[in-house]
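Here is the structure we will look at.
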Amino acid sequence: MTPAAVSRLELDDPAPFLRWLGMDPVGVDLGASDPVEMWGLVALATLGRVQGDEPLRIRTDWAARSCEFARAVGFEDLVNGEPASGPGEPGRTVKLTRIRTSDTTEPVAERISRLLITEERFEDTRRTLYYVLNELLRNVVQHSRDPLGGVVGAQVNRGGRNAERPAVQVAVADAGVGIPASLVSRHKSLTEPREALSRSLWPHVSSTFDEGETGSIQNAGMGLFFIAEMTKLVGGRLVLASRGATLILEGDERFEDPHGKTKFLEPGVGFPGTLVAFEMPSEADQDYEGMIETIKERARERTPRRAVHKWLAFEPPPAEAQRFIVSQSRIEDTVEAQRFSEEKLLPRLFNKQPIALDFMGIPVCTQSYVHALLFEPLRMAWARKAKIYILNAQPAVRSTLELLENYALGG
């Protein structure tokens, strides 16, 4: 297959492009592909970066429509290692962005979700997009081992195949070790790439602790599980391609099949690193809080449980409780959350001093954040028989906290 033979880069049929990548090409004519969606540009930018080893050579004809789109989203700047000019076009696209450090994941997720979803009536869609972005970007930083980090891009599609069902599409890619290699270091039996990708969507598997356990201070291992369940619940599409395998999950647009459909491309077809593309309707009614509650219940069914008592108390604390405000400006800073947990929460719980956490004004927080903040304090609360009081938690935040308690005290 020649580079020009990859004529369309659309997420509803990613197979031709991924098969072509499996032939280890040295170059591609971007102008020969039309249309090219954002996930395709993210993939090509990741492989064509000039700082990498033996970068994919990308030829551009700026008169071609696909190349015009690439220029508009800062493709050439990113490939050449230059900063993007401007944020993107509100309600349509964002500029391609490189992510290298954990302190940039939350600001980038917030910026992209607000730039693409501009109407207040689709606030729940924005919250879902923010959650997905945050988890995907954190995975790149924590697991890829790519010294250049990852590339993220997103767009809203309202034409072509999305003319009747506008969709928001987000893609994150890196040229790191890949999911199979990341998992096999902890799960020795996961030697087959397709099995590794399938298991990465289970709760607690794609994490930094041993199989069979239900948590560690570093990571909950819930990110890809949440994204997969969100895909099903919004009737979206998820493409997960890594070294040697590609998994495609499609949610049911009519919501008649709660499990969606999962398929694999033939063995050996993947991505030289990891590529994750997520797509969901951008202008459909969503219930973010109801979705988080549903995912919590699905995770609970697949998490071993031995805890009987509840140590998170959603009730007014006693007068002597030390009250802490959860800062909205640092709501996804997991490093700061872990430090705060170790320095402020754990010593008080060890001394059986009551504490209260106030989540006022926080509509969304990811499982990764509450894990860093409260995983060890919950275990200390159980050991010392001391409650942690939670104030002003909106339903979605409460569901996230309750799920953490389920697995922190289980296993």
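The values are calculated or read from the model by the stated rules, or taken from the named source; none is laboratory data. Keep in mind the model is a prediction, meaning the values are calculated, not measured. Cβ coordinates were reconstructed from backbone atoms using ideal geometry, including for glycine residues, and neighbour counts include every protein chain displayed. The area values use the complete protein model at the heavy-atom level, side chains included, leaving out ligands, DNA and RNA. Shrake-Rupley method; radii C 1.70, N 1.55, O 1.52, S 1.80 Å.
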message: Of all residues being out of contact with any Asp or Glu (no Cβ under 9 Å at 6 or more places or on another chain) and in contact (Cβ under 8 Å) with a residue 24 or more places away in the chain in the range 319-333, which is least open to solvent (accessible area, probe 1.4 Å)? Just the residue, please.
response: Ala321
statement: Filtering the range 363-393 down to residues that are surrounded by fewer than 17 Cβ atoms within 10 Å (Cβ to Cβ) and within 29 Å of the chain's Cα centre (by Cα) yields Asn392
- line: The residue that is nearest to Pro281 (Cα to Cα), considering only those in the range 102-116 that are buried (at least 24 other Cβ atoms within 10 Å of the Cβ) and not polar (S, T, N, Q), is Leu116
- request: Return only the number of the condition from (1) open to solvent by 10 Å² or more (accessible area, probe 1.4 Å); (2) more than 23 Å from Val172 (Cα to Cα); (3) not in a loop (DSSP other than H, G, I, E, B); (4) not aromatic (Phe, Trp, Tyr) that Lys296 does not satisfy.
  value: (1)
- request: Within the range 89-120, count every residue that is assigned to a loop (DSSP other than H, G, I, E, B) and of a type in the set (Lys, Arg).
  value: 3
statement: In the set Gly91, Gly74, the lone residue that is among the small types (Gly, Ala, Ser) and surrounded by fewer than 19 Cβ atoms within 10 Å (Cβ to Cβ) is Gly91
- prompt: Gly86 fails exactly one of the following numbered conditions: (1) in a loop (DSSP other than H, G, I, E, B); (2) more than 25 Å from Glu289 (Cα to Cα); (3) at pLDDT 90 or above. What is the number of that condition?
  reply: (3)
- line: Those residues of the range 121-153 that are at positive phi and either open to solvent by 10 Å² or more (accessible area, probe 1.4 Å) or in a strand (DSSP E or B) (or both) come to a total of 1
- request: Only residues in the range 384-411 that are closer than 19 Å to Arg348 by Cα count as the first member; pair them with residues that are basic (Lys, Arg) and modelled with pLDDT of 90 or more, Cβ under 8 angstrom, at least 6 apart or cross-chain, and list the lot.
  value: Arg384/Lys352; Lys385/Lys352; Ala386/Lys352; Ile390/Arg398; Leu391/Arg323
field: Top-ranked residue of the range 159-171 - restricted to ones that are in contact (Cβ under 8 Å) with a residue 60 or more places away in the chain and open to solvent by 10 Å² or more (accessible area, probe 1.4 Å), ranked as farthest from Leu41 (Cα to Cα)
entry: Arg165
